[in-house]
Amino acid sequence: MRSINLSRRSFLSGAAAASALGVMALSGCAPQAEPAKEVAETGTAPKEVVETIDTDLLIVGLGGSGLACAVQAALDDTNCLVIEKNAESGGNALGVEGMFAINSSMQKAAGIEEITPAEVIAAQMEMLQYRPNGAEWVEFCESSAANIDWCLEQGVEYNGTVDNYYTGLLHTFHWFKEGSCSKGYVPQMTKRAEELGVEVRYNTTANELILDDSGAVCGLYAIGQDGEILINAKAVILATGGFCGNPDIIKRQGWNTDDMVCLGLNGTGDGFNMATAVGAIDDLANASQSICPTIPAFPVTDYKADPYNPINGLGGIATGGPIMWVNETGDRFVREDTTSVMAPSSASIATKRNAATYCVFDQNIYDTFFGTTPEAQAMFEESITSDNGYSLYSSNDLADLAQHFDMDPENFKNAVARYNESCKAGADKDFLKDPSLLIPVEQPPFYIGRMSYVFYFATGGLKVDKFQRVWDIDKQPIPGLYAIGNEGNNHYASVYTINIPGTAFGHQVNSGRVAAQQAAKYINS
Ligand SMILES: Cc1cc2nc3c(=O)[nH]c(=O)nc-3n(C[C@H](O)[C@H](O)[C@H](O)COP(=O)(O)OP(=O)(O)OC[C@H]3O[C@@H](n4cnc5c(N)ncnc54)[C@H](O)[C@@H]3O)c2cc1C
């Protein structure tokens with residue numbers, strides 16, 4: 001399957017272009033700016049404030065969820081300000097392809113049979129070991145058709161295709177125009193926010209929340225182009241995209257980040273860091289990730305041009321299947337075809353608790369499954385030569401293979417022998433891997449690759465309730481603080497499933513709308 005339609009190169013150049021564009025403030029300013037130099041003090045360090053702004057609602061981040069939130073707030077006549085650290089809107093949503101809904105007008109037009117919320121929820125809950133809050137899924141599913149209609153009303157454009165995104169269980173994936181949020185959602189919603197008079201301050205980065213004496217959030221400090229800004233707000237909504245671009249937080253989530261490539265660079269973990277600094281519960285243990293195994297020796301997968309490359313693509317060497325996986329002690333630890341059972345990004349969860357994970361294969365496996373074209377062979381040869389044994393190594397001797405990566409050679413050889421017995425018996429005696437993928441590792445030269453990861457995005461880290469209110473360590477909402485989008489998504493509880501396609505972005509729209517409405521009620525209460 002293909003999980004994203006964005007090459008790392010195009011993603012990075014998009015981000016660079018964004019930062020080169022400069023300020024693009026929208027017209028129709030709702031809040032009153034009060035330029036006044038003052039010195040304020042909070043929490044950690046004294047601030048030299050060059051500007052103070054008052055608003056009712058402050059939305060931090062103008063990506064997928066921030067756009068939905070800003071438009072909903074404006075439609076409800078809520079006095080609001082948006083700050084965005086980049087020079088333009090979109091964030092990681094620029095790489096998104098489509099969104100979830102059931103029983104939408106588009107599905108009906110396409111003749112797709114009714115899908116009950118219970119079908120979706122049961123599929124999610126079983127895969128997630130019944131850990132998420134099912135009540136949130138009920139509300140999310142039941143709002144999804146209306147969210148599509150609402151997006152259409154705001155001018156969002158889809159390409160008319162609703163499908164199961166290659167491998168999903170149900171036809172819930174509504175593709176944006178030209179298969180990209182950057183064509184069908186971000187420009188349209190940015191324009192809509194502008195029409196509705198939302199003020200956006202670009203190149204402005206939130207960095208510290210402020211609490212009042214009662215413990216309610218009453219604003220934050222941000223860095224603008226001229227220096228520190230104090231923004232007084234009755235409620236703050238964090239739409240900051242999660243922590244997919246922050247290796248330090250990813251490491252705390254339990255991943256080995258050596259050689260990891262982070263693709264969702266706009267999600268720098270600012271929302272998580274700011275919220276936990278004012279008492280939000282650290283829920284990283286339940287955060288989920290979209291992450292795909294790779295081997296550092298190979299080029300990063302070009303998901304736009306060549307997603308299924310047999311060497312470094314989905315279904316390539318690192319992503320499981322006919323190879324053997326071993327951990328740091330040289331032991332096999334999971335069936336390697338978990339990628340057939342779950343999306344590759346979810347399957348790699350099995351490697352999370354290893355100190356190191358390795359792919360092992362022989363010449364026969366390589367020839368049969370990977371080195372199948374001259375281009376693939378050239379990529380492999382070039383990779384193994386330039387890598388010089390750092391992450392990819394070949395030898396005619398299994399013991400040498402193990403010693404190269406500091407594994408006990410006897411234990412490793414025993415593990416290979418045990419695996420080969422399963423292969424020859426046509427039955428995996430340990431993990432019930434699909435017999436058609438049980439290929440013995442017996443024909444030299446042998447190969448071993450040390451696995452790393454490409455990290456696309458994370459959801460969660462903060463705990464929110466169904467009103468998107470951020471909880472403190474006593475599981476009580478912090479008054480005035482909301483999190484939406486990836487930052488406020490507890491739908492998955494450790495595994496990003498993708499078995500029901502598009503639910504992440506479906507949530508960006510839904511949570512943005514819900515939080516805008518809930519914050520308005522709070523502000524007016
Ligand atoms: C490449 C890619 C493809 C994806 N494709 C899909 C898909 O097809 N379908 C799907 O359902 N999901 C998909 N996802 C998952 C998810 O829907 C996206 O990550 C989505 O963009 C998340 O929306 P968001 O609003 O949470 O974050 P973003 O869209 O990233 O927006 C966050 C915004 O906050 C800003 N920001 C961050 N920190 C600060 C700060 N301190 N101050 C001010 N601004 C700040 C950022 O600059 C950014 O603009 C994809 C993710 C990636 C990375």
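The values are calculated or read from the model by the stated rules, or taken from the named source; none is laboratory data. Computed from a prediction, not measured in an experiment: that's the story for all the values here. As a convention, Cβ positions derive from the backbone with ideal geometry for all residues, glycine included, and neighbour counts pool all protein chains shown. Only protein heavy atoms, including side chains, enter the accessible area calculation; ligands, DNA and RNA are left aside. Shrake-Rupley method; radii C 1.70, N 1.55, O 1.52, S 1.80 Å.
If I model a spin label at Tyr390 and Asp258 as a point 7 Å from the Cα along the Cα→Cβ vector, what separation in nanometres do I get?
Label at Tyr390, label at Asp258, 1.3 nm between them.
Residue by residue, what Karplus-based ³J(HN,Hα) values in Hz, rounded to whole numbers, does the range 211-227 have, using 6.51, -1.76 and 1.60 with θ = phi - 60° and x for Gly and Pro?
9, 8, 5, 7, x, 8, 5, 10, x, 7, 9, 9, 9, x, 5, 9, x
Which distance in nm do the two modelled labels at Asn207 and Asp226 give, with both placed 7 Å along the Cα-to-Cβ direction?
Spacing of the two 7 Å Cα→Cβ label points: 1.8 nm.
So, with +1 on the Cβ of K and R and -1 on the Cβ of D and E, and no other charges, what is the size of the charge dipole of the range 350-420 about its Cα centre, to the nearest 20 debye? Don't jump to the answer; show the numbers that get you there.
Values: 4 positive and 11 negative charges, 92 e Å.
With only Lys, Arg, Asp and Glu charged at Cβ, the dipole is about 440 debye.
Once R0 is set to 22 Å, what does the formula 1/(1 + (r/R0)^6) return for the Cβ-Cβ distance between Arg353 and Glu421, expressed as a FRET efficiency to the nearest 0.05? Provide the component values of the computation, followed by the final result.
Values: r = 26 Å, r/R0 = 1.19.
Computed FRET efficiency for Arg353 and Glu421: 0.25.
At what distance in nm do the modelled label points of Ala378 and Asp76 sit from each other, each positioned 7 Å from its Cα along Cα→Cβ?
About 5.7 nm separates the two model spin labels.
Could you state the per residue volume, in Å³, of the convex hull enclosing the Cα atoms of the range 138-270? Working shown, then result.
Values: hull volume 28.1 nm³, N = 133.
Here the figure is 211 Å³ per residue.
Quick one: what Rg and Dmax do you get for the range 296-450 from the alpha carbons, in Å?
Final numbers for Rg and Dmax: 14.5, 43 Å.
So how strong a dipole does the chain carry about its Cα centre when Lys and Arg Cβ are +1 and Asp and Glu Cβ are -1, to the nearest 20 debye? Before the final figure, lay out the partial values.
Values: 33 positive and 64 negative charges, 107 e Å.
Using Cβ point charges on Lys, Arg, Asp and Glu, the chain gives about 520 debye.
Over the chain, with every protein chain in place, what whole percent of the accessible area is carbon and sulfur at 1.4 Å, could you tell me? Don't skip to the answer; put the middle values down first.
Working: 9930 of 19970 Å².
Of all accessible area on the chain, carbon and sulfur atoms account for 50 percent.
Amide H to amide H under 5 Å from Val454: which residues, 5+ apart in sequence or cross-chain, H placed 1.01 Å off N in plane?
For Val454, whose amide H was placed from the backbone, the distant partners under 5 Å are Val261, Cys292, Thr294.
Karplus couplings for the range 69-77 from phi (6.51 cos²θ - 1.76 cosθ + 1.60, θ = phi - 60°), rounded to Hz, Gly and Pro as x?
Running phi through 6.51 cos²θ - 1.76 cosθ + 1.60 with θ = phi - 60° gives 5, 5, 5, 5, 4, 5, 4, 8, 6 Hz.
Would you please give the FRET efficiency between Glu328 and Ala110, computed as 1/(1 + (r/R0)^6) with r the Cβ-Cβ distance and R0 = 60 Å, to the nearest 0.05?
On the way: r = 49 Å, r/R0 = 0.81.
That pair, Glu328 with Ala110, gives E of 0.80.
Using only Cα atoms, tell me the angle between helix 186-195 and the longest principal axis of the chain; keep it within 0 to 90° and round to the nearest 10.
0 degrees
His507 accessible area, nearest 10 Å², 1.4 Å probe?
Around 10 Å² of this residue is reachable by solvent.
Can you compute 3J(HN,Hα) from phi for each residue in the range 155-162, using the Karplus curve 6.51 cos²θ - 1.76 cosθ + 1.60 with θ = phi - 60°, rounded to whole Hz and x for Gly and Pro?
Working through the residues one at a time gives x, 4, 10, 10, 8, x, 8, 10 Hz.
Compute the helix-to-body angle for 409-425: its Cα long axis versus the longest principal axis of the chain, expressed 0 to 90° and rounded to tens.
80 degrees
To the nearest 10 square angstrom, how much accessible area does Val300 have with a 1.4 angstrom probe?
50 Å²
Which Cα, out of Gln517, Gln476, Val454, lies furthest along the positive dipole direction of the range 400-525 (beta carbon charges, K/R +1, D/E -1)?
Checked the options; the winner is Gln517.
Gap in Å between the Cα centre of the range 442-511 and the Cα centre of the range 346-423?
Spelled out, the Cα-based centre of one part sits 30 Å from the other.
Can you tell me the orientation of helix 8-20 relative to the chain, as the angle in degrees between its alpha-carbon axis and the longest Cα principal axis, to the nearest 10?
The helix 8-20 is inclined about 20 degrees to the chain.
For Glu228, list long-range residues whose amide hydrogen, built 1.01 Å from N in the peptide plane, is under 5 Å from its own amide hydrogen.
Here the answer is Val50, since their amide H atoms fall under 5 Å of that of Glu228.
Residues in the range 86-107 near a label at Glu178, defined as backbone nitrogen under 14 Å from the 7 Å Cα→Cβ point?
Answer for the range 86-107: 94-97.
Local charge sum around His174 (other residues, Cβ-Cβ under 13 Å, Lys/Arg +1, Asp/Glu -1)? Before the final figure, lay out each step's value.
Details: positive: Lys108, Lys177; negative: Glu97, Asp149, Glu157, Asp163.
That sum, taken over residues with Cβ under 13 Å, equals -2.
Keeping all protein chains in place, calculate the accessible area per residue for the range 296-450 (probe 1.4 angstrom), answer in Å².
Working: 6450 Å² over 155 residues.
Each residue of the range 296-450 exposes 42 Å² on average to a 1.4 Å probe.
How would you order 263-269, 145-151 from highest to lowest mean count of nearby Cβ atoms within 10 Å?
Details: 263-269: 23.6, 145-151: 19.6.
Highest-to-lowest ranking by the protection proxy: 263-269, 145-151.
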